[in-house]
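Encoded as structure tokens, the structure appears first; notes follow it.
The values are calculated or read from the model by the stated rules, or taken from the named source; none is laboratory data. Predicted model only: the values in this text are computed from it and were never measured. With ideal geometry, Cβ positions are generated from the backbone for all residues, glycine too; neighbour counts draw on all protein chains shown. Keep in mind that these areas ignore ligands, DNA and RNA; they rest on the heavy atoms of the full protein, side chains included. Shrake-Rupley method; radii C 1.70, N 1.55, O 1.52, S 1.80 Å.
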Amino acid sequence: MKLLSIFLLALSLAGMDAYTQTDTDAVKISIGTADEFGVLAGSGVTNISAHTLIIGDVGSSPTPTIVGLTPSQVKGHLYLKASPVTAKAQKGLTAGYIEAQNAPCGTDLTGKDLGGMKLGPGVYCFSTSAGLTGTLTLDAHGNPDAQWVFQIGSTLITASGSKVAMVLGHKLPWAKGERGCNVYWQVGTSATIGGGSLFVGQILALDSITLGGGTLRGKALARNEAVTISTQETVDGPPCD
């Protein structure tokens, strides 16, 4: 009976780290001047709440339409017209998206919900959609260069009240770490972040992004379509570099 108990305990502990990867050299990903933006879209940005706050620049290219945001809600530059700055940022976003998309997959999580997982640095892929219900924990294992890349073939959808928690270690620069500077979500179509969520990382979406009200410690960067903020949201997305 004692041996059985030890075996079951070991099995349980192994399951907690089933998707934890050994630290490896991180794939270089650079989004260029898109790093200056908290929110960047291709076909416009729409915000519903007067209490939304975005730290970082906000703009859209090639369609520069911005609805529902005032300069007082943006701690950065709010681009209300077409600009070579937003066009250049879109080029940087495209380059970073392709780099993230082409990173060699380390662990295939297709069909699994990210909720309840504890993941070390690495590249994780979903051939189709990805979902998060509950809490996803990202553990850097004390590595100051820890990086996570999530390659998602189609949609990313998180449930209301979902959370991405960071375990960084005392050696890591906490401010950059908790803003998800080294966490990349490459989304093949559209991302929807549920209401009341605490989400971490740089969302690089081919199409659209919808923020349902909560906190994004990172960036909402959409290549082709719109970024929609459907209720009060805080986007903490100042430059990482």
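Are there any pairs with C-beta distances below 8 angstrom linking a residue in region 205-219 that is within 10 Å of ALA191 (Cβ to Cβ) and outside any strand (DSSP E or B) to a residue that is modelled with pLDDT of 95 or more and charged (D, E, K, R), with the two at least 6 apart or on different chains, and if so which?
Within 8 Å, the pairs are LEU206/ARG223; ASP207/ARG223; ASP207/GLU225; SER208/GLU225.
Scan region 130-151 and report the pairs whose first residue is assigned to a strand (DSSP E or B) and whose second residue is aromatic (Phe, Trp, Tyr) and open to solvent by 10 Å² or more (accessible area, probe 1.4 Å), with Cβ atoms within less than 8 Å and a gap of 6+ or a chain change.
Close Cβ pairs (under 8 Å, with a partner that is aromatic (Phe, Trp, Tyr) and open to solvent by 10 Å² or more (accessible area, probe 1.4 Å)) amount to TRP148/TYR184; VAL149/TYR184; PHE150/TYR184.
Can you pull out the residues in region 116-125 that are crowded, with 16+ Cβ neighbours inside 10 Å and over 15 Å from the mean Cα position of the chain (by Cα)?
Scanning region 116-125 gives MET117, LYS118, GLY120.
Could you tell me which numbered condition THR210 fails, if it satisfies all but one of (1) over 22 Å from SER61 (Cα atoms); (2) open to solvent by 30 Å² or more (accessible area, probe 1.4 Å); (3) of a type outside the set (Asp, Glu)?
So the condition that THR210 fails would be (1).
I need the full set of residues from region 132-160 which are open to solvent by 20 Å² or more (accessible area, probe 1.4 Å) and small (Gly, Ala, Ser), in order please.
GLY134, GLY142, GLY153, SER154, ALA159, SER160
Out of region 212-234, which residues are aliphatic (A, V, I, L, M) and either closer than 24 Å to ILE98 by Cβ or in contact with a His (Cβ under 9 Å, 6 or more places away or on another chain) (or both)? Before the answer, list the steps.
The first filter runs over region 212-234 and keeps only residues aliphatic (A, V, I, L, M), leaving 216, 220-222, 226-227, 229.
Scanning region 212-234 gives LEU216, ALA220, LEU221, ALA222, ALA226, VAL227.
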